[in-house]
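Shown next, in structure tokens, is the structure this report addresses.
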Amino acid sequence: MMATISLNGGEIDYLLIDGESDLPPLVLLHEGLGCIAMWRRFPYRLAAMTGRRVLTYSRYGYGHSSRADLPRRSDYMHVEAQQVLPELLEKLQLRNPVLVGHSDGASIALLHASKFPVAGLVLFAPHVFVESITLSGIDAARNSFLAGNLERQLALFHPDPKAVFEGWSSVWRSDHFLDWNIEPCLADIHCPVLLLQGDRDEYGTLAQLSAIQRKVPAVVTPHCLIDCGHSPHLDQTAHTLDLIVEFFDQMTGVSPRAELASASI
């Protein structure tokens, strides 16, 4: 069930699914327009397949968490990774997690792992620098929002869809964000990393994965998913889950319990 926790910046909505306490918990970090509900059934299927505790939460300004300070600064992902997330994990007593991040959430995961201990990283469509395709994708999303289509979709998950969209798109399309680049932090990441990128991702290319693989000194396992868009966990859920389980098998040498792997969600 959903719960709320008070942090220094306000109230955060979160969902914590129970699992084996002796395994590193999984912490899901949503994309730039996401929230708890937009993961859909993926957190539950992930918990069933791995037997682990799974935490997902809505960042400030998303879902039913407290409002964010807008407009966002260009270091907003650093703040999330190095201030908000550590505070949340400490309050919930979740230590040495595996961070599962999507898009902005994947960048936040990398930034956190460069400063704090984590057991591993599972990253969907990560960004470590700004690409022209990213900006084009945001422009297309803005056109959809102005036409009403995207706004109606976001309104299903966020009380203030305009604030959510503008809070994300405005910082990415600002002139001062063009030079945003977190590649220097990658050398400080020393945990196993799983990378998933769709070949039809409208917001990024495989150049992002290549940069991570080149600069992270730990074992990095990249996968390009064929006929897949920006959200591998939604576009190809079963394949994504299989790759995650395989990644954990390689990390630990222990397969998930058969009854959990075959659970019906």
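The values are calculated or read from the model by the stated rules, or taken from the named source; none is laboratory data. Please read all numbers here as calculations on a predicted model, not as lab measurements. No Cβ is skipped: glycine too gets one built from the backbone with ideal geometry, and neighbour counts run over all protein chains shown. Protein only, heavy atoms only, side chains kept; ligands, DNA and RNA dropped before computing areas. Shrake-Rupley method; radii C 1.70, N 1.55, O 1.52, S 1.80 Å.
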The residue that is farthest from the chain's Cα centre (by Cα), considering only those in the stretch 15-50 that are aromatic (Phe, Trp, Tyr) and buried (at least 21 other Cβ atoms within 10 Å of the Cβ), is Phe42
Scanning the stretch 9-57 for residues that are under 21 Å from Met77 (Cα atoms) and of a type in the set (Phe, Trp, Tyr) gives Tyr14, Trp39, Tyr57
Just to verify a result, which residue in the stretch 79-137, among those that are of a type in the set (Val, Ile, Thr) and open to solvent by less than 10 Å² (accessible area, probe 1.4 Å), is farthest from Ala187 (Cα to Cα)? Thr134
In the stretch 161-181, residues that are open to solvent by 40 Å² or more (accessible area, probe 1.4 Å) and in contact (Cβ under 8 Å) with a residue 40 or more places away in the chain total 6
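On the basis of being part of a helix (DSSP H, G or I), farther than 14 Å from Ser107 by Cα and open to solvent by 10 Å² or more (accessible area, probe 1.4 Å), does Arg142 make the cut?
Values: part of a helix (DSSP H, G or I): yes; farther than 14 Å from Ser107 by Cα: yes; open to solvent by 10 Å² or more (accessible area, probe 1.4 Å): yes.
Yes; evaluated as a whole, the condition is true for this residue.
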Qualifying residue in the stretch 211-228 (condition: surrounded by fewer than 20 Cβ atoms within 10 Å (Cβ to Cβ), over 16 Å from the mean Cα position of the chain (by Cα) and without any contact (Cβ under 8 Å) to a residue 24 or more places away in the chain): yes
With the requirement that a residue be open to solvent by 40 Å² or more (accessible area, probe 1.4 Å) and either touching a strand residue (DSSP E or B) at 6+ places or on another chain (Cβ under 8 Å) or within 22 Å of Ala81 (Cβ to Cβ) (or both), what does the stretch 182-202 give you? Pro184, Ala187, Asp188, His190, Pro192, Asp199
